[in-house]
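J.: Let me give you the structure first, and then I'll get to my questions.
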Amino acid sequence: MKKISILFFAVPFALCADQPASPTQPLKSAAEIQAEIQGDQRDFEIAQKMFIPWYTGPLITGSASNAPFGHINIQPYVFLTVNHAQFNNHRRSISVPNTYIINPQFVFQAGLTNWLDVTVIPQGLFRWQKGENGQNFADMPIQFGLQAVKERPYIPNVRFVIGEIFPTGRYRNLNPDKNGLDGTGSGVYQTSLGLNISKVFWWLKLHPVAVRLATAYNIPNDKASVKGLNAYGGAVGTHGQVAVGSTFNADLGVEVSLTEKWVFATDVAYTYSGKSTFSGFAGYPTDGVAPSNGAPSSDNLSISPAIEYNVNDVSGFIGGVWFSVTGRNSANFASLVLSYTVLF
């Protein structure tokens, strides 16, 4: 591909040099000719250094490209997170006991046709706080990607995503001794709709920039039936239903090629969750305090700088940190994120 790029620049220069001057065109001075030769030489040297960029990430923002037809992409992730505070309703960060979380994920993406692929993301949650721990499977998304537009020189990739989030995580009848650490799911099926867009820009010829925008809207299909201590609150005797709020995500990812193999990446991620409301018997008071159920609306803004190392054009590593900047009724967290991707 490098040779093609060099010829792309060099051939026009050679052709131009061979063309005779137009009868009406004034002869150029020796200084003008020398300046053109130097300019052509600079362009030729840049063309020699140019490369086809390789990208692994970024960490958070979803891809706008389907897996190629007949190919499989696998990408294991591990998120090592500490929730060290909680943003209240006024966006003030309030210290809380640290909760440590390990969240392994396995992204499996397969190209079904030239315009359709499928992605399955099984994952688990392991939590620790004050000597207690809990672990279980988390909810599992299954998504179909529809490649509406493929990238061309002046046109971006455009991909629609539609899928379902299956409630495979535990969410009710939790162990009262574990402080809710064993709650790992939502208890409801959720339909997910998304639009992803990406484009590589050659603003700097030796450092191309890839930009992604990914949005997702998750709509619960039903109410969560809750009993006892659950992911939305509760206590002994709680019995009822929770109307779970919808969730909206918008992520912007930028990758800057330092070399063909090394890339700096960063994401800006925003999440909004609607209010979840409870109906039924709230449960028996604990120490004279009535149990709470449901959750207020919340949001969170976070960033995730990272470094990529691309082994070749089909595999690479990425690692970085992901941390919240501000939020409302949401966790103030910091994560170390590591991943490897390979296309077969």
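J.: May I ask which residue of Gln147, Thr277, Thr191 lies farthest towards the positive end of the charge dipole of the chain, with charges of +1 (Lys, Arg) and -1 (Asp, Glu) on Cβ and the Cα centre as origin?
T.: Going by the charge dipole, the pick is Thr277.
J.: In the structure shown, do any of Lys199/Lys261; Lys205/Lys261; Lys150/Lys261; Lys178/Lys275; Lys130/Lys223; Lys130/Lys275 have a Cα-Cα gap over 21 Å, and if so which? List each step's numbers first, then the result.
T.: Values: Lys199/Lys261 19 Å; Lys205/Lys261 16 Å; Lys150/Lys261 24 Å; Lys178/Lys275 25 Å; Lys130/Lys223 32 Å; Lys130/Lys275 29 Å.
Where the Cα-Cα span goes over 21 Å, the pairs concerned are Lys150/Lys261; Lys178/Lys275; Lys130/Lys223; Lys130/Lys275.
J.: Within 15 Å, Cβ to Cβ, of Gly131, how many net charges do the neighbouring residues add up to if Lys/Arg are +1 and Asp/Glu are -1? Walk me through the numbers before you get to the answer.
T.: Numbers: positive: Arg127, Lys130, Lys178; negative: Glu132, Asp177, Asp182.
So the environment of Gly131 carries a net charge of 0.
J.: Pick out, from Phe108, Ser335, Pro53, the residue whose Cα sits farthest towards the positive end of the charge dipole of the chain, with +1 on the Cβ of Lys and Arg and -1 on the Cβ of Asp and Glu.
T.: About the Cα centre, the residue reaching furthest to the positive side is Ser335.
J.: Identify which of Leu204, Leu80, Leu146 has the largest mean-square fluctuation in a Gaussian network model of the chain, with springs joining Cα atoms closer than 10 Å.
T.: Result for the chain, Cα springs under 10 Å: Leu204 fluctuates most.
J.: In vacuo Debye scattering of the stretch 220-344, one point per C-alpha: log10 I(q)/I(0) at q = 0.10 Å⁻¹?
T.: So the normalised log intensities are -0.51.
J.: Compute the distribution of all C-alpha to C-alpha distances in the chain, in bins of 20 Å from 0, and list the percent of pairs in each, rounded to whole numbers.
T.: 25, 47, 19, 7, 2, 0
J.: Hey, in the GNM for the chain with a 10 angstrom Cα cutoff, which one of Gly131, Gly57, Gly274 fluctuates hardest?
T.: Comparing Gly131, Gly57, Gly274 in the GNM, the peak value goes to Gly131.
J.: Quick one: putting +1 on the C-beta of Lys and Arg, -1 on the C-beta of Asp and Glu, what dipole do you get for the chain around its Cα centre, in Debye to the nearest 20?
T.: On the way: 23 positive and 22 negative charges, 124 e Å.
That gives a dipole near 600 debye.
J.: How much length would be gained if the chain were fully extended between Ile102 and Tyr189, taking 0.36 nm per residue of separation minus their Cα-Cα distance, in nm to one decimal? Write out the running numbers ahead of the final one.
T.: Details: separation 87, 0.36 × 87 = 31.32 nm, distance 2.36 nm.
So the chain would gain 29.0 nm between Ile102 and Tyr189.
J.: Specify the inter-centroid distance of the stretch 167-207 and the stretch 249-297, based on alpha-carbon positions, in whole Å.
T.: Here the answer is 8 Å between Cα centres.
Taken together, the values in this text are just the output of simple stated rules run on the coordinates, not laboratory data. Bear in mind the structure is a predicted one, so any value in this text is a computation, not a measurement. Neighbour counts run over all protein chains shown; Cβ positions are idealised from the backbone, glycine included.
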